[in-house]
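Following: one structure in structure tokens, then a few remarks.
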Amino acid sequence: MYEEQLACVICQTSRKHRNHSFVPADEAAHDTRVDPKAALKILKEKLQDFKQAKETCDQEIQHIITQAKHAEKQIKKHCETLHQFLRNEEATRIAISP
């Protein structure tokens, strides 16, 4: 079991840690060392992916806004048509009333 913790020589030789594996600190450091150029390349790729995703989201937002404005215009048009119909009906009823 590799716990990735430093251990002194006493702990390393104790029965409590008998089933643990140990490596010198310089070897462990070498094994976990990260190549900064490779890490930077990965981060740049992720940044590009995030920029593309943001652009896609921005385009979708604009599309939704355009659809909402169109829907609002259609609703207003239908409401005005309905209001005009009701005004005409009201006028007809008033004209027929004795």
>> With 10 angstrom as the radius, rank VAL23, VAL34 by how many other C-beta atoms surround their C-beta, starting from the fewest.
In response: VAL34, VAL23
> Along the charge dipole of segment 34-96, which of CYS57, ALA91, VAL34 sits closest to the positive end, that is, farthest toward it, with unit charges on the beta carbon of Lys, Arg, Asp and Glu (+1, +1, -1, -1)?
Replying inline: VAL34
>> Going Cα to Cα from LYS77, which lysines come in below 18 Å? Please leave out same-chain ones fewer than 8 positions away.
In response: LYS69
>> Straight-line reach from LYS46: which lysines fall under 28 Å, measuring Cα to Cα and dropping same-chain residues less than 8 apart?
In response: LYS37, LYS54
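We did not get these values from a lab; they are worked out from the coordinates using the rules stated. Because the structure is a prediction, the values reported are computed rather than measured. Virtual Cβ from ideal backbone geometry, glycine too; neighbours counted across all protein chains shown.
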